[in-house]
1. Tell me which residues, restricted to segment 180-190, are more than 14 Å from ASN87 (Cβ to Cβ) and exposed (fewer than 11 other Cβ atoms within 10 Å of the Cβ).
2. Determine the pairs where a residue that is open to solvent by less than 100 Å² (accessible area, probe 1.4 Å), located within segment 195-212, has a partner that is of a type outside the set (Lys, Arg) and part of a helix (DSSP H, G or I) with Cβ atoms under 9 Å apart, the partner being 6 or more residues away or on another chain.
3. Can you say whether PHE129 is of a type in the set (Phe, Trp, Tyr), open to solvent by less than 50 Å² (accessible area, probe 1.4 Å), in contact (Cβ under 8 Å) with a residue 12 or more places away in the chain and in contact with a Cys (Cβ under 9 Å, 6 or more places away or on another chain), as far as the supplied structure shows?
4. Among the residues of segment 79-100, which ones are in contact with a strand residue (DSSP E or B) (Cβ under 6 Å, 6 or more places away or on another chain) and either open to solvent by 20 Å² or more (accessible area, probe 1.4 Å) or on the phi > 0 side of the Ramachandran plot (or both)?
5. Please work out which one of (1) touching a strand residue (DSSP E or B) at 6+ places or on another chain (Cβ under 7 Å); (2) of a type in the set (A, V, I, L, M, F, W, C); (3) open to solvent by less than 30 Å² (accessible area, probe 1.4 Å) is the condition ALA51 fails and give its number.
6. In segment 54-72, how many residues are crowded, with 16+ Cβ neighbours inside 10 Å and among the β-branched types (Val, Ile, Thr)?
7. Tell me whether segment 160-173 contains one or more residues that are aliphatic (A, V, I, L, M), in contact (Cβ under 8 Å) with a residue 40 or more places away in the chain and open to solvent by 60 Å² or more (accessible area, probe 1.4 Å).
8. Need at least 2 residues that are under 24 Å from ILE105 (Cβ atoms), of a type in the set (Ser, Thr, Tyr) and touching a helix residue (DSSP H, G or I) at 6+ places or on another chain (Cβ under 9 Å) per element, so show me which helices (runs of 4 or more DSSP H) inside segment 117-212 make the cut, counting only ones lying wholly within it.
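The values are calculated or read from the model by the stated rules, or taken from the named source; none is laboratory data. Predicted model only: the values in this text are computed from it and were never measured. FYI the Cβ positions are ideal-geometry reconstructions off the backbone, even for glycines, and counts take in every protein chain you see. Heads up: the accessible areas ignore ligands, DNA and RNA and are worked out on the full protein's heavy atoms, side chains in. Shrake-Rupley method; radii C 1.70, N 1.55, O 1.52, S 1.80 Å.
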Amino acid sequence: MDIPGLVEITTYEELRDVVPAPLAHAADKNRKELHELDKQWLAASPFCLIATSAADGSCDVSPKGDPAGFTKVLDDTTIAIPERAGNRRIDGFQNILSNPHVGLIFLIPGRGETLRINGRARIVREAPFFDDMVVKGNRPQLALLVEIEEIFHHCSKAFLRSKVWKPETWEPDAVPSRAKLAKALDRPNDDLATLEQYYGPKYEEGIYSVKY
């Protein structure tokens with residue numbers, strides 16, 4: 001795409017000409033093992049984002065959520081994340097089969113900081129800790145086992161700028177409903193009334209009863 005006036009950065013030196021070297025406390029905060037405070041964060045977090053990349057470089061970011069503490073700490077360098085049934089695309093899992101490197105961001109509602117973990121992942125279909133991941137009778141059929149290579153806390157600037165945790169700024173109706181989006185983009189042959197019923201209150205009621 002030709003954009004008049006566009007100036008692209010193509011080298012590390014050019015990038016550092018715009019963004020100076022980080023301060024020591026930011027550059028040196030990476031750790032390789034979970035601290036007790038990290039474990040407390042994971043115990044309070046009900047949501048994370050998992051970034052993956054396939055061997056060909058194609059990328060995916062998948063949201064994962066369960067009751068707070070859904071991420072199980074196995075030891076100071078290993079965590080496990082349960083996988084619940086969804087749309088069966090398994091985009092991130094497919095990437096992991098060819099490239100095990102993953103990046104995770106753990107959020108706590110209302111907190112601007114995040115916990116970031118980078119490491120190597122394995123997909124497991126059975127392990128003793130699956131019994132500790134049961135929610136509303138649903139035992140996961142898969143889990144992601146992550147061996148930590150890097151961990152650190154990230155500051156709140158993005159959340160402060162976006163005001164994402166400020167309810168007075170929320171506008172959930174600024175875009176069409178999920179049913180209308182599905183009708184227009186994903187399921188054009190389905191009746192809108194049927195989609196509205198599908199994505200209505202019963203949708204949440206059944207999220208733990210679904211199996212692959």
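1. PRO188, ASN189
2. Going by the 9 Å Cβ cut-off, the qualifying pairs are LEU195/ALA179; LEU195/ALA182; GLU196/ALA179; TYR199/ALA179; TYR199/ALA182; GLY200/ALA179.
3. no
4. GLU83, ASP91, PHE93, ASN99, PRO100 - these are the residues of segment 79-100 that are in contact with a strand residue (DSSP E or B) (Cβ under 6 Å, 6 or more places away or on another chain) and either open to solvent by 20 Å² or more (accessible area, probe 1.4 Å) or on the phi > 0 side of the Ramachandran plot (or both).
5. That leaves (3) as the condition not met.
6. 1
7. Within segment 160-173, one or more residues are aliphatic (A, V, I, L, M), in contact (Cβ under 8 Å) with a residue 40 or more places away in the chain and open to solvent by 60 Å² or more (accessible area, probe 1.4 Å).
8. The helices (runs of 4 or more DSSP H) meeting that bar number zero.
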